[in-house]
Amino acid sequence: MLMSVVLLVEKERLVPNILVLRHSAGFEHSYLPDCEVVFKQLGIEHGWNVTTTHRLDKVTPESLAKLDLLVFATTGNLDFSAEQKTAIIDFVHDGKAFFGVHNATDTGYDWPQYGAMLGGWFDGHPWHQQVGIIVENTDHPATRMLGERFEVTDEIYTFKDWDRSKTNVLMRIDNDSVDLAKGNREDHDYAMGWYHNFGSGRVIYTGLGHPDALWYEDWFRQHITGCVNWALGQD
């Protein structure tokens with residue numbers, strides 16, 4: 001009996017705990033319900049324990065202590081307490097993981113530590129069209145299914161306070177596929193996904209995900225799965 005209890009406890013420890021926060025303090029994206037459904041479906045497929053919420057009060061030092069990965073699909077300045085903000089940054093810095101989806105860069109403008117952790121903030125979406133995406137890292141679990149280049153119709157974000165020397169770029173806009181006159185970076189360096197270590201933790205971001213239907217595309221679900229697997233250290 002004791003051995004069975006020990007094995008059960010060990011099994012529970014092996015199941016990653018993931019919390020997806022979809023809170024809209026600014027523009028509310030229509031894809032958010034699809035995001036919740038897909039994360040839960042992927043959790044069943046891959047053995048993750050996925051919880052989703054729109055409530056900021058569900059993110060506490062106590063709840064974070066039980067998590068392996070925190071996912072943001074948020075907009076606007078989040079009404080977290082100072083304690084919650086410190087707990088989130090410490091959660092990642094001390095060895096856990098953070099995954100930002102699409103509008104996760106369009107949030108926390110009043111929270112400098114968040115921008116430093118994630119890698120930058122939203123600075124506009126000059127293109128909402130079919131664009132070419134160049135995959136810079138074809139061996140990464142988040143992008144290895146995408147080939148060297150692919151086409152997607154999405155709302156394309158640009159970023160401020162973002163510097164490729166401080167992160168690892170997964171993919172970028174093919175500048176030949178857009179009107180650069182609409183852009184807002186002098187270097188015309190328009191990344192669409194990146195990853196890096198933050199302290200002892202892992203941070204990954206994808207700029208894709210605005211269209212509702214994209215969440216039901218097989219390649220995109222593989223992309224999301226790869227992002228999660230890398231964040232969890234299962235790459």
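Across the stretch 226-235, in residue order, what do the Karplus-derived ³J(HN,Hα) couplings come to in whole Hz, using 6.51 cos²θ - 1.76 cosθ + 1.60 with θ = phi - 60° and x for Gly and Pro?
x, 4, 5, 4, 5, 4, 7, x, 9, 8
Enumerate the amide H contacts of His210 below 5 Å, restricted to partners 5 or more residues apart or on another chain; note that Pro and chain-start residues carry no placed amide H.
The list, which skips near neighbours in sequence, is Glu155.
Only Cα pairs under 8 Å and at least 6 apart count here; give the relative contact order of the stretch 163-235 as a rounded whole percent.
Relative contact order for the stretch 163-235 comes out at 24 percent.
Put +1 on the Cβ of every Lys and Arg and -1 on every Asp and Glu Cβ in the stretch 139-184; which of Ser165, Val178, Phe150 then has its Cα farthest towards the positive end of the dipole?
With unit charges placed on the Cβ atoms, the residue in question is Ser165.
What is the set of long-range amide H partners of Met171 at a cut-off below 5 Å, with H atoms built 1.01 Å from backbone N?
Long-range HN contacts for Met171: Glu136, Met192, Gly193.
Taking every DSSP beta bridge that has both residues in the chain, what percent is antiparallel when rounded to the nearest 5?
Roughly 55 percent of the beta bridges in the chain run antiparallel, per DSSP.
Hey, can you grab everything whose amide H is under 5 Å from the amide H of Trp127? Only 5+ residues off in sequence or another chain; H modelled, so Pro and N-termini drop out.
Ile156
As an exercise, use a Förster radius of 22 Å and the Cβ-Cβ distance of His46 and Glu148 to find the FRET efficiency, rounded to the nearest 0.05.
The calculated FRET efficiency here is 0.25.
Can you give the accessible area per residue of the chain, in Å², using a 1.4 Å probe?
So the chain comes to 46 Å² accessible per residue, rounded to a whole number.
Return the label of the correct value of Rg/Rh (Cα atoms, Kirkwood Rh), as calculated from the structure shown, out of [x] 0.94; [y] 0.97; [z] 1.04.
[y]
Whole-Hz ³J(HN,Hα) for each residue in the stretch 109-126, computed from phi via Karplus 6.51 cos²θ - 1.76 cosθ + 1.60 with θ = phi - 60°, x for glycine and proline: what do you get?
Here the 3J(HN,Hα) series is 5, 9, 10, x, 5, 5, x, 5, 5, 6, x, x, 10, 4, 9, x, 9, x Hz.
For the chain, what does -39500 (n - 2.57) per DSSP helix run (n ≥ 4), summed and divided by total residues, give at 222 nm, in deg cm²/dmol to the nearest 500?
-8500 deg cm²/dmol
What part of the accessible area of the chain, given as a whole %, is carbon or sulfur when the probe is 1.4 angstrom?
Here it works out to 49 percent.
Dipole magnitude of the chain about its Cα centre, charges +1 at Lys/Arg Cβ and -1 at Asp/Glu Cβ only, in debye to the nearest 20?
Rounded to the nearest 20 debye, it is 620 debye.
What is the dipole size for the stretch 1-141, taken about its Cα centre, with +1 at each Lys and Arg Cβ and -1 at each Asp and Glu Cβ, in debye to the nearest 20?
Dipole of the stretch 1-141, to the nearest 20 debye: 320 debye.
Which links in Lys96/Lys166; Lys40/Lys96; Lys40/Lys166; Lys85/Lys166 stretch past 30 Å when you go from one Cα to the other?
Violating the 30 Å limit, Cα to Cα: Lys40/Lys166.
Please list, in order along the stretch 43-55, the HN-Hα scalar couplings obtained from phi with the Karplus expression 6.51 cos²θ - 1.76 cosθ + 1.60 (θ = phi - 60°), rounded to whole Hz, x for Gly and Pro.
Working through the residues one at a time gives x, 5, 5, 10, x, 9, 9, 9, 10, 10, 7, 10, 8 Hz.
The values are calculated or read from the model by the stated rules, or taken from the named source; none is laboratory data. Just so you know, these numbers come straight off a predicted model, no measurement behind them. Here the Cβ is made from the backbone with ideal geometry for all residues, glycine too, and neighbour counts use every protein chain on show. SASA here: full protein model, heavy atoms, side chains in, ligands and nucleic acids out. Shrake-Rupley method; radii C 1.70, N 1.55, O 1.52, S 1.80 Å.
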